[in-house]
Amino acid sequence: MHEMGLAKDVLRKLLEAADKSGINLIHSAKVNIGETLISHKEEFFELFGQISKGTAADGIDLKVTVIPLMAFCNGCKAKFSAKEMKSGCPKCDSGDFKIVSGKEIMITEVK
């Protein structure tokens, strides 16, 4: 269950962030999650709600922004969505590119 692992990871990161900030009960939080990590947003929220019961994140108002998978071409310096890519960069067809977003989990706000 991919979403369960993601929910556990997000909960762990939220609890760590709250602890560092001296927050005993998390009321709301904002999280950026790369699109390669989250397949079913509704399932993620359901599982997160289950595993956060009895923790400082129980009942949290959690806002999730899904970050698209983006790449940067080292050849022509274009930034593009990986969805545009067929065999390489959609602008110059170079295979020399790197993924720059879409694989991350970032806590952007904890209250």
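The values are calculated or read from the model by the stated rules, or taken from the named source; none is laboratory data. What you see is a predicted model; the values in this text were computed from it and never measured. Cβ atoms come from the backbone with ideal geometry, glycine included; neighbour counts cover every protein chain shown.
The table below lists the values:
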quantity	calculated
Any hit, region 45-54, residues being in contact with a strand residue (DSSP E or B) (Cβ under 9 Å, 6 or more places away or on another chain), surrounded by 12 or more Cβ atoms within 10 Å (Cβ to Cβ) and part of a loop (DSSP other than H, G, I, E, B)	yes
Scan of region 70-102 for residues that are under 21 Å from the mean Cα position of the chain (by Cα), outside any strand (DSSP E or B) and at pLDDT 95 or above, ordered by number	102
Residue count, region 61-92 (criterion: more than 30 Å from residue 44 (Cβ to Cβ) and touching a Leu at 6+ places or on another chain (Cβ under 7 Å))	0
Residue that is surrounded by 15 or more Cβ atoms within 10 Å (Cβ to Cβ), among the aliphatic types (A, V, I, L, M) and in contact with a Phe, Trp or Tyr (Cβ under 8 Å, 6 or more places away or on another chain), where the choices are 31, 64	64
Extreme residue, surrounded by the most Cβ atoms within 10 Å (Cβ to Cβ), among residues of region 5-26 that are touching a helix residue (DSSP H, G or I) at 6+ places or on another chain (Cβ under 9 Å) and assigned to a loop (DSSP other than H, G, I, E, B)	26
Residue, nearest to residue 32 (Cα to Cα), within region 49-101, restricted to residues that are among the small types (Gly, Ala, Ser) and touching a residue at least 40 places away in the same chain (Cβ under 8 Å)	101
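Residues are listed down the side, and each one gets a yes or a no for (1) in contact with an Asp or Glu (Cβ under 7 Å, 6 or more places away or on another chain); (2) under 17 Å from residue 28 (Cα atoms):
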position: 44; (1), (2): yes, yes
position: 49; (1), (2): no, yes
position: 59; (1), (2): no, yes
position: 65; (1), (2): no, yes
position: 91; (1), (2): no, no
position: 94; (1), (2): no, no
